[in-house]
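Contents: one structure, followed by commentary.
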Amino acid sequence: MTTARTCLAIVLAAGEGTRMRSTKPKVLHTVAGRSLLAHVLAAVAEADVSAAAIVVGPGQEAVVAEARRVLPGAAFFVQHQRRGTADAVLAARAAIERWRPDDILILYGDTPLIRAATLSRLRAPLAAGTAVAVLGFRPAAPDGYGRLIVADDRLLAIREEAEASPSERTIGLCNGGIMALAGRHALAILERIGNQNRKREFYLTDAVEIARGMKLEAAAIEVEEDDVRGINTKTQLAETEAVAQRRLRQAALDQGVTLIAPETVFLCADTAFGKDVVVEPYVVFGEKVTVEDGAVIRSFSHLAGAHVGKGASVGPFARLRPGTRLGEGARVGNFVEVKEASLEAGAKANHLSYIGDAVVGAQANIGAGTITCNYDGSDKHRTEIGEKAFIGSNSALVAPVRIGAGAYIGSGSVITDNVPAGALALARGRQVIKEDAAARLRSLKALGKRKTHP
Ligand code: UD1
Ligand code: CA
């Protein structure tokens, strides 16, 4: 029988990430619509950890806020100067002393594709008495990573690239950056790490050699590159995005979603699909989209913060912005934008419309070119359209305005007043007919007269 071992996760998120060439903290850049930090914290939450400590830089309130959002129970520590990864771990010394965990997992906020299952594999050797375990991998391009020095299957040291000799640089097995430390040895090891190196940094990676010097064991667990891709540059961010997208598309396909050209569909970490959903080529899903059974998303549509009901149809060329809710069988066609609006069951807006801050009742029909004029330059107003109402093409509905159930709006109307249920509303200039005037107009044009309009 095994007793459950306690585990403290320490996530390092200090430092500005200068190689990103951005004013935004590195760990707040996103992959699959979710910050790098949120990815790491999601893996931590899913792994069997008892407590989490997050190390941030001074003044990084945005990083703290993001971490709180994802993992409300986490404790925060500030590393006042960026003096290296070992120094960052020691910023959370109080957490180690308070919780006295059996295991400590150290994760980097810039390594977002780590999975909970991989964290369990990393912890496994600790239960057998190993003091330090690291994740190793063989990247296509090893530049920038620490190299693992292994002899007779034993991990002897990690050599940072800046310190490595030319022959050490030819080693293909690299440090994934994620480490597990036995809680009872952790502080003794960390306190012995110095900064006698080219960068004058306290390298966490020195923990391996120090543990060996203390006659403790260290182990490397080899994993696939995708689990431990670190992000230091925008190029690496893009490469990691590609991997995340491949994983998400595969998960959608495995779940039964029909992706006609999966490589052209972009998903978010939280995109949720029901059964028998079809997604045509070239569709982008932003955050918080749910698509229910049998819905079809046609090409070149962009969805974010939207709920697509059963059997609904979206696009081609539709834009669903946050707050959109499409009921069962609703249809949103080409060049239609919807924002903060619900189209109830069977409602249709098939062509060229803007529907914002609105409720469109069941079975209502929105004609081509209809616009809800929701913004008066300072405030937003709502439009309510009753069920089975018919809005003629090219109508402007000036909000706040209410169109009753079954009402009929003549094409080209500018509706500024409420329309009762069942009423017909016409709000446009009356047509003028001038008999035989067409020929007169043409002869004036031919004479080159300046004023040629009727
Ligand atoms: C680190 C490893 C390297 C490994 C690579 C994997 C060290 C010394 N090197 O290198 O062996 O191959 O990750 O991706 O650990 N951080 C702080 N405070 C600091 C320094 C760093 O919080 O003073 C945080 C950063 O925010 C980042 C993480 O630690 O999330 C890693 O730091 P980074 O500078 O990116 O290390 P690498 O040079 O990539
Ligand atoms: Ca890094």
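Things to note:
- Failed criterion for Gly346 (all others in (1) in contact (Cβ under 8 Å) with a residue 12 or more places away in the chain; (2) closer than 15 Å to Thr416 by Cα hold): (2)
- Pair list, Cβ under 9 Å, 6 or more apart: the range 86-100 residue within 10 Å of ligand 1 (Cβ to nearest atom), other residue among the polar types (S, T, N, Q) and assigned to a helix (DSSP H, G or I): Ala86/Thr205
- Condition met for Arg229 (in a loop (DSSP other than H, G, I, E, B) and either within 16 Å of ligand 2 (Cβ to nearest atom) or under 19 Å from the mean Cα position of the chain (by Cα) (or both)): yes
- Hey, Glu280 modelled with pLDDT of 95 or more, away from ligand 2 (no atom under 16 Å from the Cβ), within 30 Å of Glu163 (Cα to Cα) and buried (at least 18 other Cβ atoms within 10 Å of the Cβ) or not: no
- Residue in the range 104-121 that is out of contact with any strand residue (DSSP E or B) (no Cβ under 7 Å at 6 or more places or on another chain) and surrounded by 24 or more Cβ atoms within 10 Å (Cβ to Cβ) present: yes
- Contacts under 8 angstrom Cβ, first residue in the range 107-127 being farther than 29 Å from Glu16 by Cα, partner within 15 Å of ligand 1 (Cβ to nearest atom) and part of a helix (DSSP H, G or I), 6 or more apart: none
- Test: residue in the range 140-149 that is more than 10 Å from ligand 1 (Cβ to nearest atom), closer than 25 Å to Ile104 by Cα and modelled with pLDDT of 95 or more: yes
- Candidates Arg200, Arg192, Arg229, Arg184, filtered to the one that is surrounded by fewer than 16 Cβ atoms within 10 Å (Cβ to Cβ) and more than 20 Å from Asp103 (Cα to Cα): Arg200
- Some residue of the range 179-196 being within 26 Å of Val27 (Cβ to Cβ) and within 16 Å of ligand 2 (Cβ to nearest atom): yes
- Flag if Ala14 is at pLDDT below 95, more than 27 Å from Gln245 (Cβ to Cβ) and crowded, with 23+ Cβ neighbours inside 10 Å: yes
- Test for Gly369: is it crowded, with 17+ Cβ neighbours inside 10 Å, assigned to a loop (DSSP other than H, G, I, E, B), in contact with a Ser or Thr (Cβ under 6 Å, 6 or more places away or on another chain) and modelled with pLDDT of 95 or more: yes
- For the range 128-139, the count of residues that are over 23 Å from Arg198 (Cα atoms), surrounded by fewer than 19 Cβ atoms within 10 Å (Cβ to Cβ) and within 14 Å of ligand 1 (Cβ to nearest atom) is nonzero.
- Test: residue in the range 399-406 that is in a loop (DSSP other than H, G, I, E, B) and over 27 Å from Val314 (Cα atoms): no
The values are calculated or read from the model by the stated rules, or taken from the named source; none is laboratory data. What you see is a predicted model; the values in this text were computed from it and never measured. All Cβ positions, glycine included, derive from the backbone under ideal geometry; neighbour counts span all protein chains shown.
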